[in-house]
Amino acid sequence: MDLTSSQDKHLQNQWVREFERQEGEKEDEQIVAEIMGRRFFPDVIAYKAWEGFHFAGHEIRITEATDCYGAVVWPSALVLCYFLETNSKQYNLIDKNVIEIGAGTGLVSIVASLLGAFVTATDLPELLGNLQHNVFQNTKQKCKHQPCVKELSWGIDLEKNFPRSSCHFDYIMAADVVYHHPFLDELLLTFDHLCNSDTVILWAMKFRLEKENRFVDRFQTLFDLEMISNFPSLDIALYKAMRKGRMKARPSELKV
């Protein structure tokens with residue numbers, strides 16, 4: 001092979017890769033700016049801290065508690081909400097049975113409800129009051145199905161509170177549930193318990209520390225995992241997952 005020709009081809013490939021990288025960064029920045037542009041803040045300071053969001057054709061007001069990690073809206077939730085809204089044809093939530101684990105302030109559950117799903121929003125007992133307030137205030141007389149709020153401590157009393165024989169979820173949703181906490185084993189057990197053979201998991205994850213990142217490897221021992229969106233500027237990836245072998249099934253076999 002001619003050396004000059006080989007060098008030219010190598011340089012050309014480098015240029016193409018650099019161009020693709022720059023275009024990818026530009027697209028990432030544009031979409032992230034659009035996602036973050038869905039957030040707005042009150043003009044006047046209120047006695048309770050809240051943030052506003054525009055999703056699913058509605059203005060959503062979320063009351064937060066800055067002294068509690070689980071009662072703050074994190075960027076992963078916005079990424080998942082944006083995905084649900086902009087992919088509502090492919091991921092049609094109308095009349096679907098959805099459970100959100102680690103619902104926190106309830107933003108994802110609210111958006112899924114506004115998009116037509118029957119939603120169960122779950123979290124720890126100490127977060128249920130604020131979660132219930134947000135869900136009720138933002139969905140009352142706006143949704144086809146009134147969502148419900150239910151306690152779910154990962155790995156505890158799963159069969160008692162969510163019996164496999166009667167609980168069937170079309171979708172499990174999770175935003176920012178993997179971080180520095182000692183309950184990763186219980187989280188995996190909860191995913192495993194709630195997921196039926198045709199359940200689709202939509203999971204937005206912010207990559208932080210290696211310990212938490214290794215959870216993805218453990219997750220893949222039970223589920224097929226596909227990255228469907230990636231936002232490097234936020235260190236957030238959005239995954240779709242199903243039981244092992246189900247992702248490859250024919251579309252007609254899946255309730256998606």
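The values are calculated or read from the model by the stated rules, or taken from the named source; none is laboratory data. Please read these numbers as outputs of a predicted model, since none were measured by experiment. Every residue, glycine among them, receives a Cβ derived from its backbone with ideal geometry; neighbour counts consider all protein chains shown. Surface areas here come from the heavy atoms of the whole protein model, side chains and all, with no ligands, DNA or RNA. Shrake-Rupley method; radii C 1.70, N 1.55, O 1.52, S 1.80 Å.
Just how large is the dipole of the stretch 75-217 about the Cα centre, in debye to the nearest 20, putting +1 at every Lys and Arg Cβ and -1 at every Asp and Glu Cβ?
For this selection, approximately 520 debye.
Pull out a ≥ b ≥ c, the square roots of the eigenvalues of the alpha-carbon gyration tensor of the stretch 38-134, then state rounded if a/c is under 1.5, prolate if not and a/b is larger than b/c, and oblate in the remaining case.
Numbers: a/c = 2.15, a/b = 1.36, b/c = 1.58.
Oblate shape, in that a/c is at least 1.5 and b/c is the bigger or equal ratio.
Take K140, K240 and sort them by solvent-accessible surface of the protein heavy atoms, 1.4 Å probe, largest at the top.
Result of the area sort, largest leading: K140, K240.
Equivalent-ellipsoid semi-axes (√(5λ), Cα gyration tensor) for the stretch 149-191, whole Å, largest first? Don't skip to the answer; put the middle values down first.
On the way: eigenvalues 76, 32, 16 Å².
The three semi-axes for the stretch 149-191 are 19, 13, 9 Å.
With the crude spin-label approximation of a point 7 Å out along Cα→Cβ, what separation in nm comes out for E226 versus Q30?
Placing both labels 7 Å along Cα→Cβ, they lie 2.4 nm apart.
Please work out the Cα center distance from the stretch 175-242 to the stretch 92-118, rounded to the nearest Å.
Cα centroid to Cα centroid, the span is 18 Å.
Considering only protein heavy atoms, with the full assembly of protein chains and a 1.4 angstrom probe, order I60, I228 by accessible area, largest first. Please list the in-between numbers first.
Working: I60 0, I228 45 Å².
From most accessible down to least: I228, I60.
Hey, what do the phi angles of the stretch 160-175 turn into as Karplus ³J(HN,Hα) couplings, whole Hz, using 6.51/-1.76/1.60 and θ = phi - 60°, x for Gly and Pro?
Result, ordered by residue: 5, 8, 9, x, 4, 5, 10, 9, 10, 10, 6, 9, 10, 10, 8, 10 Hz.
With 10 Å bins from zero, work out the P(r) of the stretch 97-196 over every alpha carbon pair and list the percent per bin.
P(r) over the stretch 97-196, rounded to whole percents: 16, 50, 30, 4.
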